[in-house]
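The values are calculated or read from the model by the stated rules, or taken from the named source; none is laboratory data. Remember, it's a predicted structure, so these values are computed and weren't measured experimentally. Cβ placement follows ideal geometry from the backbone for every residue including glycine, while neighbour counts extend to all protein chains displayed.
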């Protein structure tokens with residue numbers, strides 16, 4: 001049903017909602033809040049710390065003053081809390097307050113904290129009597145991702161109207177809901193948007209996370225039914241070429257890499273099609289194993305395709321594999337295929353592929369578009385960090401007539417969990433880093449360290465190196481006190497010499513804009529790149545030696561570890577600086593885990609122990625296996641339950657139609 005069926009949504013609003021990928025009524029249900037504005041118990045002024053919005057019970061100790069700044073009327077006063085501490089409060093264009101807020105009156109003031117130099121100010125606070133505020137305690141107002149023409153109030157109104165139309169029959173029978181301890185779908189969808197209280201929100205989130213895992217595993221099972229023991233049409237027994245390439249490499253493969261390569265060789269020389277997951281920490285050397293396997297296919301006259309998340313990485317791999325070809329005097333043609341290529345360039349690439357002139361194809365999702373016709377596609381390698389749905393995977397299999405498949409994953413998923421998530425695949429693990437890699441030096445500091453960090457970045461750039469700076473947000477947010485890339489880039493420009501080129505990058509930029517910036521960073525035309533976690537995958541810049549993460553306490557440890565993996569990829573010593581905006585001992589202790597270990601599996605296991613369901617209020621990890629609301633670490637127990645539920649569901653021949661959830665939940669990659 002079109003979104004215009006919702007009361008109050010006309011064509012103009014529908015066009016704006018379409019920018020948020022909301023076209024149908026059900027899309028509104030799935031546009032989940034990114035956060036909640038919660039009326040919490042008032043705190044003392046000294047407890048503000050790094051909070052963005054607070055409530056303070058205070059007494060007015062100064063008559064309201066009025067001033068004018070350009071077109072703004074500024075009303076200000078000072079309030080004192082019960083501990084005797086004071087804070088200045090300001091309102092804009094609200095002169096009538098002088099008649100309602102008087103000296104010695106006591107209210108609950110709830111507003112945004114603004115930090116100016118060494119002082120703090122509360123801006124535009126809501127004023128409530130103690131009785132009125134008690135009525136609002138723990139009330140949770142949803143905050144949505146928005147676009148031009150859609151305010152948060154309009155989104156709230158639209159969601160409320162859409163929920164009146166929600167009449168889905170729950171696919172999960174009552175007895176199974178009780179068995180797996182999940183609430184009804186209708187309760188979940190109502191309380192994820194408008195929670196009755198925090199407990200209701202947790203129940204709602206649990207059900208929706210369960211649904212995502214259920215859909216995922218159900219589709220995996222259906223896919224597995226079709227793929228069991230597919231006969232191997234491309235049997236390879238000759239590995240002479242890859243053996244010679246290994247001898248000429250500038251480095252020696254680790255024992256772990258050799259073991260994984262042996263697994264692949266056993267697969268492709270066997271009787272059934274290879275379905276193998278190569279799991280290895282960031283920088284462990286998965287790509288060279290993929291290259292060697294592709295060369296083995298080429299030596300047999302068969303085609304291979306490698307799909308990666310970004311055009312920049314595709315270009316880097318294209319250059320790397322061509323260097324190997326040049327170093328070994330090989331007569332093998334490689335083509336690059338990306339979305340930004342001109343029609344003429346794509347046509348030439350298509351011709352080389354269909355004529356089998358090119359035996360190796362490297363690119364983004366463009367390598368599997370409809371116009372690409374392969375002669376004998378025998379091996380497909382997919383970087384897991386690219387979202388890749390079930391239907392796309394089916395298309396892939398059809399293109400190659402059941403090719404061998406390698407999935408490369410940098411996600412440190414415990415093996416038992418990986419067996420569930422990659423049920424139809426064999427798993428190989430690379431658990432060693434190359435011998436020439438210097439361990440990254442880490443430090444966890446508070447925001448007072450920033451001036452030293454800026455100076456350190458400057459020194460590294462003067463030595464010819466480059467730096468990443470990660471912020472949690474794209475732009476300033478009224479409800480969160482966290483650094484954003486737009487403002488932070490300006491701060492760095494002010495603090496660093498003018499000859500250092502500082503630019504910012506975020507996920508809402510066009511693909512062309514992102515690729516242009518990443519290419520310039522790779523070529524050292526940009527020395528400092530301020531970014532959101534969009535650079536967590538799909539970029540390899542050996543010259544980058546500094547990773548500085550602002551508001552590190554807002555990220556999962558697994559995500560921070562992935563970010564850290566962007567440096568330490570060259571021969572230079574690399575550094576990672578985690579800056580916490582809070583002095584909380586608990587949060588600093590959590591970040592110290594990153595100081596103790598560079599082992600992604602260890603960090604992920606610690607992350608699982610430390611994180612709780614409440615963490616979904618903050619910045620969720622990005623990167624691989626990210627569902628809309630579920631998390632493979634904190635919800636590991638739900639994955640187990642969903643797996644058992646799917647098995648029972650199928651055994652009882654129940655019908656499952658994935659209409660309540662996102663049909664593009666990706667299976668692999």
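Is it fair to say residue 529 is part of a strand (DSSP E or B) and crowded, with 24+ Cβ neighbours inside 10 Å?
Values: part of a strand (DSSP E or B): yes; crowded, with 24+ Cβ neighbours inside 10 Å: yes.
Yes, satisfied.
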For this session: Quick one: which residue in 45, 79, 56, 69 is modelled with pLDDT of 95 or more and more than 24 Å from residue 197 (Cα to Cα)?
Result: 79
Exercise. For the range 259-278, which residues satisfy the criterion of being at pLDDT 95 or above and touching a helix residue (DSSP H, G or I) at 6+ places or on another chain (Cβ under 9 Å)?
Worked result: 260, 261, 264, 265, 268
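Those residues that are at pLDDT 75 or above and in contact with a helix residue (DSSP H, G or I) (Cβ under 6 Å, 6 or more places away or on another chain), I need them from the range 389-405; list them, please. Quick ask: steps written out before the conclusion?
Keep residues of the range 389-405 that are at pLDDT 75 or above, which gives 401-405.
Of everything in the range 389-405, just one residue is at pLDDT 75 or above and in contact with a helix residue (DSSP H, G or I) (Cβ under 6 Å, 6 or more places away or on another chain), namely 404.
Taking the range 159-182 only, how many residues are more than 27 Å from the chain's Cα centre (by Cα) and assigned to a helix (DSSP H, G or I)?
At the first step, the residues of the range 159-182 found to be more than 27 Å from the chain's Cα centre (by Cα) are 160-181.
From what is left, the residues that are assigned to a helix (DSSP H, G or I) are 160-164, 174-179.
Residues meeting the conditions: 11.
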Exercise. Name the residues in the range 84-108 that are out of contact with any helix residue (DSSP H, G or I) (no Cβ under 9 Å at 6 or more places or on another chain) and closer than 16 Å to residue 74 by Cβ, would you?
Worked result: 88, 89, 90, 92, 93, 94, 95, 96, 97, 98, 101
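Considering only the range 503-513, state which residues are in contact (Cβ under 8 Å) with a residue 12 or more places away in the chain and surrounded by fewer than 22 Cβ atoms within 10 Å (Cβ to Cβ). Give the steps one after another, and end with the answer.
Residues of the range 503-513 that are in contact (Cβ under 8 Å) with a residue 12 or more places away in the chain, as a first pass: 503-508, 511-512.
Of everything in the range 503-513, those that are in contact (Cβ under 8 Å) with a residue 12 or more places away in the chain and surrounded by fewer than 22 Cβ atoms within 10 Å (Cβ to Cβ) turn out to be 503, 506, 507, 508, 511, 512.
Hey, does the range 144-155 have a residue that's under 20 Å from residue 646 (Cα atoms) and buried (at least 17 other Cβ atoms within 10 Å of the Cβ)? Can you show your working first?
Of the range 144-155, the ones under 20 Å from residue 646 (Cα atoms) are none.
No, there is no match, as no residue in the range 144-155 is under 20 Å from residue 646 (Cα atoms) and buried (at least 17 other Cβ atoms within 10 Å of the Cβ).
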For this session: For residue 295, work out the one condition from (1) more than 26 Å from residue 437 (Cβ to Cβ); (2) modelled with pLDDT of 90 or more it doesn't fulfil.
Result: (1)
Problem set entry | Considering residues of the range 221-243 that are surrounded by 11 or more Cβ atoms within 10 Å (Cβ to Cβ) and assigned to a helix (DSSP H, G or I) only, the residue modelled with the lowest pLDDT | 227
